[in-house]
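Only the coordinates and a few stated rules stand behind these numbers; no lab work does. Please read all numbers here as calculations on a predicted model, not as lab measurements. Note that each Cβ is placed from the backbone with ideal geometry, even for glycine, and that neighbours are counted across all protein chains shown.
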Amino acid sequence: MSGYFITLFTGAKSLLVGMGVTLREMFKPVVTVQYPRERCAITPNFRGHTILVRDAETSTHRCISCKFCQMDCPSGCITVISEKREGVKGLTLLSYKLDFTKCSLCGICVEVCPTSALAFSAEYELAGFASDEFRYDLLRYMEEKL
Amino acid sequence: MHGTLQITAEIVRILVALVVVIGFTFLNVLLLGYAERKISGRIMRRPGPMEVGPQGLLQLVVDGVKLVAKQFITPVESAGPLFRVAPLLAFMPVGLSFIVIPFSNRLQVRDLDTGLVFMLTVMSLNTFAILVAGWTSNSKYSLFGAIRSVAQSVAYEIPMLLSLLSIVFTANTLSMKGIVLAQHPVWYVLVQPVAFLIYFIAGLAETNRAPFDLPEAESELTAGFHTEYSGMGFSMFFLAEYTNMFFVCSLAVVLFFGGWSGPPLPFMDYTGAVWFLLKVYLLLFVMIWVRWTFPRVRFDQLLNFCWMYLIPFSLVNLLLTAVVVKI
């Protein structure tokens, strides 16, 4: 018989405690971020697709077309196209093709780059209608968006 | 000549009451639906509907329009006419129950001597509508929902009536207005707190609200008794459910919280409705709050709770009330 009342009181108490918890939660601020109107801050460690960094001094990329990235890429998604021009020291970069459909964001290209020409972008809004939209030319990307 | 005028006046009165009742029903459902979604959102620390209108205010209106525009699908194997009648049956008590609710001293359609009995009778018709809907849908989910609903109602009607009986003993009347007037100095929630608790819990079960929402347990029965209903058929059940919540709470206010009584306002005979509605919506808030706090009970737990706790307690409460009243 005493078990009957103990069950009743402990049960009732736990119900009240639960209601207290929900009431307290109700007056706490909302944690949802209303995405298209508000955005979260992106962490600096975020790995978006790679980009060619625009150098602050020369205001152009730092790529010397050594093709280390192309050779080390495990997915084989990088193609560096360059040519030798008269009167210019070294190779001139014509286009830096990144096939982002294959890229696994391992970051080896960023690591091996001797001139630190590559970096990760903070780009996360990736949606498109065709896979061609994700075969980037990073040289053009830098010229247009950076 | 005088007779015709009286009849015309009465017809106009009925029409106006009907329009007010239907209008109020829809407004109440819009309000409660919005409150339900906003409060559930805040409890889960999300904002709730935000897109349609400022702060998502028009969301329920848009939902209503969508439901009206949708086709009413009748399953081939269902019992045609009865299947169509069931939502109407669920909606019917809505108009009837408004007759006896005393919103304020003068705002009451009819003060029946047996108002309380009338109200309870009409409210229990909802179970009947659920049974018809579940039976005629020819779907296992609907039938299970209906069976659960009936078992639940049969079980919970007893403690509800027993607890209300102790109120009737104290007030010595069955008229809604009479009960309100009988609580002039002290509200009955202070005199009969156990009766109020039992009534409120049974009321949650009667309206199929969580944690007693077994008849429409989404995770087990898809949608329970209204699985096969679409469009207006579904919205009728939806309207009936939310209006029933309103009735359970307004009955609680009439019986336990002194109806329209409160700090006096100008034209208290009419503006008492402000206090009445304020108390009703506070109770409705508690109902929503309970729903978003507790998980659904298992069916044996539901019936055990009723037979082992609610009924004995309401019986003891009734007995004590009877003894005290007699002395």
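Quick rundown of the values:
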read-out: Centre separation in Å (Cα based) which lies between region A:44-115 and region A:127-146; value: 14 Å
read-out: Per DSSP, loop trypsin sites (Lys or Arg not before Pro) in region B:14-94 with at most 12 further Cβ within 10 Å; value: none
read-out: Lys/Arg +1, Asp/Glu -1 at C-beta; chain B dipole; positive extreme among B:Phe256, B:Ser235, B:Gly95; value: B:Phe256
read-out: Low-density loop positions, trypsin sites (Lys or Arg not before Pro), region B:282-327 - DSSP coil, at most 14 other Cβ in 10 Å; value: B:Arg298
read-out: Geometric extent, Cα atoms of chain B - Rg, Dmax (angstrom); value: 20.4, 65
read-out: Region B:114-186 versus region B:272-323: alpha-carbon centroid distance in Å; value: 12 Å
read-out: Nearest-20 debye value, the protein assembly as shown charge dipole, Cβ charges on Lys, Arg, Asp, Glu; value: 620 debye
read-out: Rg and Dmax of the protein assembly as shown, Cα atoms only, in Å; value: 33.1, 118
read-out: Simple spin-label estimate for B:Ile7 and A:Thr115 in nanometres, 7 Å along Cα-Cβ; value: 10.2 nm
read-out: Neighbour-limited loop hits for chymotrypsin sites (Phe, Trp or Tyr not before Pro), region B:232-327 (at most 11 other Cβ within 10 Å; DSSP other than H, G, I, E, B); value: B:Phe267
read-out: Along chain A, longest interval not containing exposed GluC sites (Glu not before Pro), exposed being DSSP loop plus at most 11 other Cβ atoms within 10 Å; value: A:87-124
read-out: Assigned charges on the beta-carbon of Lys, Arg, Asp, Glu; chain B dipole about Cα centre (debye); value: 500 debye
read-out: For B:Leu5, B:Leu221, order by how many other beta-carbon atoms lie within 10 Å, fewest first; value: B:Leu5, B:Leu221
read-out: Contour minus Cα-Cα distance for A:Val33 and A:Val17 (0.36 nm per residue); value: 2.9 nm
read-out: Charge-dipole axis of region A:26-80 as Lys and Arg at +1 and Asp and Glu at -1 on Cβ define it, positive-most pick from A:Thr32, A:His61, A:Ile51; value: A:Thr32
read-out: Residues B:Ile311, A:Ile81 arranged by fewest to most Cβ contacts within 10 Å; value: A:Ile81, B:Ile311
read-out: Longest DSSP-loop-exposure-free segment, GluC sites (Glu not before Pro), chain B, at most 12 other Cβ within 10 Å; value: B:78-327
read-out: Label point at B:Ser219 placed 7 Å out along Cα→Cβ; residues across region B:39-53 whose backbone nitrogen lies under 20 Å; value: B:40-46
read-out: Convex hull of Cα atoms in region B:1-78, direction-averaged projection (nm²); value: 9.9 nm²
read-out: Axial C-alpha extent at least 27 Å, average Kyte-Doolittle at least 0.0 - helices from chain B (DSSP); value: B:2-43, B:80-97, B:115-136, B:140-171, B:231-256, B:268-291
read-out: For region B:1-145: span of alpha carbons on each principal axis (Å, largest first); value: 58, 44, 30
read-out: Binned Cα-Cα distance frequencies in region A:50-145 - 10 Å width, integer %; value: 15, 50, 29, 5, 0
read-out: Spin-label pair B:Met44/A:Lys67, simplified geometry with 7 Å Cα→Cβ offset, distance in nm; value: 5.5 nm
read-out: Given charges at beta-carbon only (K, R positive; D, E negative), |dipole| of region B:1-69 in Debye; value: 380 debye
read-out: Fewest-first sequence of B:Ser163, A:Ser116 by Cβ atoms within 10 Å of each Cβ; value: A:Ser116, B:Ser163
